[in-house]
Each structure stands twice: as C-alpha cells, then as structure tokens.
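Here is the structure we will look at, set down as structure tokens.
The numbers here are math on the coordinates, done by the rules we state, and not lab data. Keep in mind that this is a model prediction, so the values were computed, not measured. Backbone-built Cβ (ideal geometry, glycine too); neighbour counts: all protein chains shown.
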Amino acid sequence: MKRRTFIQKTSVAGLASSFMPMACVQPVLDTEILILGGGVSGLYLANLLEKTDKDYILLEGSNRLGGRMFTRQDINREVGGRGIGDRYLQLMKLIKELDINMIDITDYMREPTAVYVDGKLYPQWSESTTNPSRLQFKALGKVKQLTALDEWYQRPDLDELYSELLKSKGLTEQELNLVNISANYNDIRETSAINAYHSMAFRKFNGSKRVLNFEGGTKTFIDAIADTLSKPVLKNKMVNTIDDSDNKITVRCNDGSSYKAKKVVSTLPFTTLRDVKMNTTFTANQEKAIKELQYTAITQIHLNHKEAFWEHDKTPLSMWTDTPLERIMNVSSDPVEKEIACWINGKGTAFFDTMSETEIAKYTIDKINEIRPSSVGKIEYLGTQNWGKYPFNKGAYVEFGVGQPSWFKDMIRPTGNMHFAGEHVASKSRGIEAAAESAQRVFSELMNKK
Ligand SMILES: Cc1cc2nc3c(=O)[nH]c(=O)nc-3n(C[C@H](O)[C@H](O)[C@H](O)COP(=O)(O)OP(=O)(O)OC[C@H]3O[C@@H](n4cnc5c(N)ncnc54)[C@H](O)[C@@H]3O)c2cc1C
C-alpha cells in the first residue's frame, strides 16, 4: 500500500530552515537529476551520468567528499572504509578506469593476534579457547550457507536473533559475551542472523582472495572520481526538506538554498534521511525502514607509538581484549610501518561517548599499559573517530533487526520521483562494493534500463 507521508522531526536541520530569514533565501536552481550525498555511491553515480547527456547536481552536506571513506588529514589516518576485495567487480572496473594504484595488504593483515581475557594475556591466539573471533567463526563453520548472493532478504526462515543461531551451534552464554566483542554488530542478542548469512554469502560468492588498499589513501580514490566530474560537487549543502508534491521535486538545504529536479537520488544513510522533512509517497515498509533501521556503531581510538613495544614482550601487537577497548590492532597499509588503533564495535562504544578526548586518551593509554607493561611511555594519543555520533552518517553500516530484512525489497524501489542508492540498498554486495552496486542500479533506473 502506498501512503503519502510527511515525516517531520524537530531536528536542528528542520528548525534552521523554518526560521531562515527571507533575506538569506537564495534563488531556486533547476536540474534534471539531483544527487544527495557525496560518498562513493553519489560520486560514482555522477561519474556514470557524465557519460550521458543528463544534467545533474550533486549536493553534499559536509565540507568534504567521501562520506564513510575518510582520510582524516588532521591525524594522518584512514578512519573509514578502505578494504577492497580483488573481486569487487564494480569497484575494480572504476579503479582501473581511474588508473589508481592499489596495495595488496592480504598477507600482513593476517599477522598473528594475541588475546587478553579475564586479566590474562595469551600471546598466541591459537593457545586461547576464549578467542572472540575464533569462537564466532568456529560456530559459523557449522552453518549451512546461502545458495545465492541476493537470497538473504528472501529467507524469513533464517531470520532469527544472531545469538540464537550461535547458541544452536554450541556456544554458551559466556562464549556469546566474548563473540559480542568481535562481531561487527551493535549486539548479537538484538541483531538478525541474516546479517551474518549475507556477509558469509558475500565472502563465498564474491570470492575475493586478496584485500587491497588505495595507494595514497582513500582520498586519492575519492578525489580521482571527483576529478572526472565536469562541475564541482556543492558542499556544505545539508538537505533538510524533500518535497515531491509538485511536478518537479524540490530539495531545500540548511543554508537556505533550494533546488528543483525531475528526479532526486538519495544516497543518504537512513540514519540521516530520517531527519529530513519529506513530502513524498512511501510504502509502509519504506517508511518503517527509514525511521527504524539501525547502523552499527564503531569508535576508533588512534594511537602513535614511539617504540615497537611488542618487540620487547614478544607478543603480537594486535589483540582481542574483553576490556572496553575491545580490539587493539595494527591498521597500517604498509608492510613495515605499524599504525595502532583501538576498534570498538556496537554497544561498547557507549563507554566512551560521554568522555572528553583527554579522558579517552588517559583511559586508553593506562589500559594498554596495564595489559602490556612494555608499552609504558611508548604510546601517545592521536584522535578518536566516533562513527555512531558522526552527524553525517550516524553509524558505520546498516544492520537489520529480526523481521526487518522483509522490508528490503520495498526499501530499494523508487517512489514518486525519488530513487535510492547507497550501501544500505544493495541486494548483493556489502560495504564499498554495495555503494557502487546501488549506484549502478539507480543509473539503470534513470536511463530506463532494466
Ligand atoms: C570504520 C568503517 C570501516 C569500514 N570498512 C570497510 C571496508 O574495509 N570495506 C568495505 O567495503 N566497506 C567498509 N566500510 C563501509 C563503507 O565505507 C561504506 O559502505 C561506503 O563508504 C558507503 O558509501 P555510501 O556512498 O553509500 O554512503 P556514505 O559514504 O555515507 O555517503 C553518504 C553521504 O551523504 C552525506 N549526507 C548525509 N546526510 C546528508 C544530508 N542531510 N544532506 C546532504 N548530504 C548528506 C554524507 O556526508 C555522506 O558524504 C567501512 C565503514 C566504516 C565506517
């Protein structure tokens, strides 16, 4: 059933536009296609449209391009998505076209990992039966996999709590607590097992053998796509209203500017789209998905090392821990240089949400010093990236709760003059490849191809 709805929230965005003085209101710009969001999906769609006679404007809410692909220049670290499988077909095509050099990080990504549980440090992960990552993959090894990449949203029989699936494969409640540290979800006791089925299917059918990073960082890739565009992306254009009640669709931004177009493509994560006032026709499932879909929270705490302390205690640098720091790992794309980050997934991120940067720095360094006395005086704080609270994404990737995969078919359908691209609306791939897959689908929709 289709319903005309006006999703309205008293968001800062909404208030800003309602009280914008008339003098600030700028003339309405007209185009054929308006793309909302300058992450990889929006940029790739613009790149595809460049090869046609379609006129478009791309609006990005923040002051930079790339969205969740983010080279943070203030701390000289990659803080978002960057791992590309060598069989990410859409992306590899684009990377080739842009002539970007890639670095193969597969071998040193698999460097040994220690485990720290209940106050005990296990230098070899194979020595520990309490390894959070190992426990999860051992249980998943007993799970019957999907037979096709896009089967995941069509299997209500498999749509149960992820914790229940793992329990049925022999994990105890105590082991589930450990798995919750390593699983890439907010909470395995709240998320659907379907997310894990989809990830497994993507690994199986996508068949990537190698993991690649961009030489020069993800900014090189993002800048290279932007360079293919004949007109600049308009930045600092935080969209607050989408009105599809006329023969043209009108989009308004926080700075008072307005745009009219025949078609609008939203690549906005649903976490930020739900803050936009929308006058358009959604199905009930689309409306629920926009309002309710969750995104996984991730907080990274980046550190510098003054000395290779792991050479002194003969224990691998990377380790899983059952402390609030969860995972401490090498995140470098270089085979020799190490870059340390603590990587906290899901609900564990709340521990750091109310802390100041100074408090985070102190807590992190003290805790690592406690776990690894050889690190005393050898590490310093660089910066924190809190994706759950980052206003332009409010989460790292989409995560379906039980019952929600059944919304997916409707989520990706165009409604009125509005189309949906972005990582969350790809039926096959995951991550960056999903963003590219969805851009390709919307491109076909716009060109009236199947
Ligand atoms: C920490 C982390 C690690 C990851 N690791 C990997 C990995 O190794 N491999 C992998 O494949 N994937 C990974 N991902 C996922 C991958 O980065 C994303 O799937 C992909 O970048 C999403 O691209 P997108 O264009 O769909 O969305 P986004 O990049 O989120 O783009 C959406 C854009 O819309 C803008 N926007 C939001 N709201 C508004 C508004 N109201 N008005 C205007 N603009 C707005 C945002 O600023 C943003 O630029 C990771 C993600 C994170 C956070």
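Here is how the numbers come out for the structure above:
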quantity: Extension gain (nm, one decimal) between M447 and N247, 0.36 nm per residue minus Cα-Cα; calculated: 70.1 nm
quantity: Rounded to 10°, Cα long-axis angle of helix 193-206 versus longest principal axis of the chain; calculated: 90
quantity: Length released on extending from Q174 to E357, taking residue separation times 0.36 nm less the Cα-Cα span; calculated: 62.7 nm
quantity: Above-threshold pairs, the threshold being 22 Å between Cα atoms, out of K389/K428; K237/K260; K347/K394; K93/K219; calculated: K389/K428
quantity: Range of Cα positions in the stretch 140-242 per principal axis (Å), largest first; calculated: 55, 39, 29
quantity: Cα-based helix-to-principal-axis angle, 357-371 vs the chain, degrees rounded to 10; calculated: 30
quantity: q = 0.17, 0.23 Å⁻¹, the stretch 48-121: log10 I(q)/I(0) [Debye, one scatterer per Cα]; calculated: -1.01, -1.27
quantity: Cα-derived Rg over Rh, computed across the stretch 182-333 with Rh taken as Kirkwood radius; calculated: 1.05
quantity: Cubic angstrom per residue, convex hull over Cα atoms of the chain; calculated: 148
quantity: Sparsely packed trypsin sites (Lys or Arg not before Pro) within the stretch 28-80, loop by DSSP, other Cβ within 10 Å at most 11; calculated: K51
quantity: Ascending count of other beta-carbon atoms within 10 Å, so fewest first, for S333, S41; calculated: S333, S41
quantity: Cα extents of the stretch 315-407 along the three principal axes, largest first (Å); calculated: 51, 32, 25
